[in-house]
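Asks: First, the structure itself, so that you have it in front of you.
The values are calculated or read from the model by the stated rules, or taken from the named source; none is laboratory data. A quick note: this is a predicted structure, and the numbers were derived from the prediction, not measured. Here Cβ is always computed from backbone atoms with ideal geometry, including for glycine, and neighbour counts include all displayed protein chains.
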Amino acid sequence: MFSTVSTYFTDFYRLFYPSICGCCDQPLTKGEAQLCVHCRLSLPFTQYEKMEENPVEKSLFGRAPIVYGSALLQFSKGESTQQLLHNIKYNGQRELAVFMGRMMGTRLQESGRLSAVDVLMPVPLHPQKEQVRGYNQSALLAEGMAAILPAEVQKNNLVRKVATATQTRKSRLERWENVEAVFDVRHPERLRGKHIMLVDDVLTTGATIEACVQALTEKADCSVSVAVLATPM
């Protein structure tokens with residue numbers, strides 16, 4: 001009951017006072033943007049962008065032929081990253097998504113491991129789901145990254161043909177079966193010979209990313225890397 005009342009209060013407060021922290025939902029002070037100083041300093045950065053054979057890359061070995069993989073933040077239930085993801089995905093905090101995308105782009109650029117990227121490719125939502133939500137959070141992350149990395153964003157080239165069921169509480173096999181053959185590439189000629197970076201909000205089992213990489217590599221002669229905002233610890 002208290003949690004429900006607290007949620008209603010937060011949503012009401014955000015309606016009239018939108019300048020609140022994307023992690024702790026507390027009002028921002030002058031000079032703070034999207035995240036308060038405390039939350040920004042305590043973000044659980046993975047440092048994967050600097051690590052060869054990091055957990056993101058290892059999770060996709062033998063499943064998806066990627067050049068490079070990274071996740072900005074560690075995710076665990078009840079922690080700050082969960083609230084940040086929830087605000088981006090369900091509470092309409094679009095500017096927060098772009099802000100975090102800029103942070104992703106900056107750390108990737110500074111890593112020294114990432115070779116030049118030509119195209120930033122957000123993992124697509126089904127058009128019906130995107131219409132209901134009003135935006136694709138992965139596309140907003142890619143927009144933020146494009147402000148830092150010299151790469152174009154192609155939002156509508158990789159498409160989701162089928163509206164799959166939610167991945168929550170599915171096993172790895174069930175997640176793969178849920179997304180197999182649901183992605184397609186509309187204009188493979190725009191990707192041939194280029195380095196594509198897939199962008200998504202969360203990497204869990206990797207089934208969605210694996211299916212996207214398969215669609216891209218089968219349709220276009222391109223190389224693919226992966227960058228996500230968060231991954232479980």
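Asks: Within the stretch 147-158, does at least one residue satisfy the condition of being assigned to a helix (DSSP H, G or I) and over 21 Å from L216 (Cα atoms)?
Replies: Looking for residues that are assigned to a helix (DSSP H, G or I) and over 21 Å from L216 (Cα atoms), one finds none in the stretch 147-158, hence no.
Asks: What do you reckon, is L108 more than 22 Å from Y90 (Cα to Cα), assigned by TED's automatic domain parsing to the domain that holds R192 and in contact with a helix residue (DSSP H, G or I) (Cβ under 6 Å, 6 or more places away or on another chain)?
Replies: Considered against the rule, which asks whether it is more than 22 Å from Y90 (Cα to Cα), assigned by TED's automatic domain parsing to the domain that holds R192 and in contact with a helix residue (DSSP H, G or I) (Cβ under 6 Å, 6 or more places away or on another chain), L108 comes out as yes.
Asks: Among S76, S111, which is the only one that is closer than 27 Å to L216 by Cβ, among the small types (G, A, S) and out of contact with any Leu (no Cβ under 7 Å at 6 or more places or on another chain)?
Replies: From the options S76, S111, the qualifying one is S111.
Asks: Looking at T164, T217, which is the one that is farther than 11 Å from V119 by Cβ, in contact with a helix residue (DSSP H, G or I) (Cβ under 8 Å, 6 or more places away or on another chain) and either at pLDDT below 95 or assigned to a helix (DSSP H, G or I) (or both)?
Replies: When all the criteria are applied, what remains is T164.
Asks: A follow-up question, please. Which number in (1) out of contact with any Pro (no Cβ under 9 Å at 6 or more places or on another chain); (2) assigned to a loop (DSSP other than H, G, I, E, B); (3) not charged (D, E, K, R) marks the one condition that V117 misses?
Replies: (1)
Asks: So for the stretch 66-79 (the condition being of a type in the set (S, T, N, Q), over 12 Å from the mean Cα position of the chain (by Cα) and modelled with pLDDT of 95 or more), does at least one residue qualify?
Replies: Looking through the stretch 66-79, at least one residue is of a type in the set (S, T, N, Q), over 12 Å from the mean Cα position of the chain (by Cα) and modelled with pLDDT of 95 or more.
Asks: Please go through (1) touching a His at 6+ places or on another chain (Cβ under 8 Å); (2) among the polar types (S, T, N, Q); (3) surrounded by 16 or more Cβ atoms within 10 Å (Cβ to Cβ) for S115 and return the number of the only condition it doesn't satisfy.
Replies: Of everything listed in (1) touching a His at 6+ places or on another chain (Cβ under 8 Å); (2) among the polar types (S, T, N, Q); (3) surrounded by 16 or more Cβ atoms within 10 Å (Cβ to Cβ), S115 misses just condition (3).
Asks: Could I ask something else about it? Are any residues in the stretch 178-212 farther than 30 Å from G78 by Cα, touching a residue at least 60 places away in the same chain (Cβ under 8 Å), surrounded by fewer than 23 Cβ atoms within 10 Å (Cβ to Cβ) and touching a Leu at 6+ places or on another chain (Cβ under 9 Å), and if so, which ones?
Replies: Passing the criteria: none in range.
Asks: What number of residues in the stretch 21-36 are of a type outside the set (D, E) and out of contact with any Leu (no Cβ under 9 Å at 6 or more places or on another chain)?
Replies: Total meeting the criteria: 6.
Asks: Looking at E79, E95, E130, which is the one that is surrounded by 15 or more Cβ atoms within 10 Å (Cβ to Cβ), without any contact (Cβ under 8 Å) to a residue 24 or more places away in the chain and not hydrophobic (A, V, I, L, M, F, W, C)?
Replies: Exactly one of E79, E95, E130 is surrounded by 15 or more Cβ atoms within 10 Å (Cβ to Cβ), without any contact (Cβ under 8 Å) to a residue 24 or more places away in the chain and not hydrophobic (A, V, I, L, M, F, W, C), namely E130.
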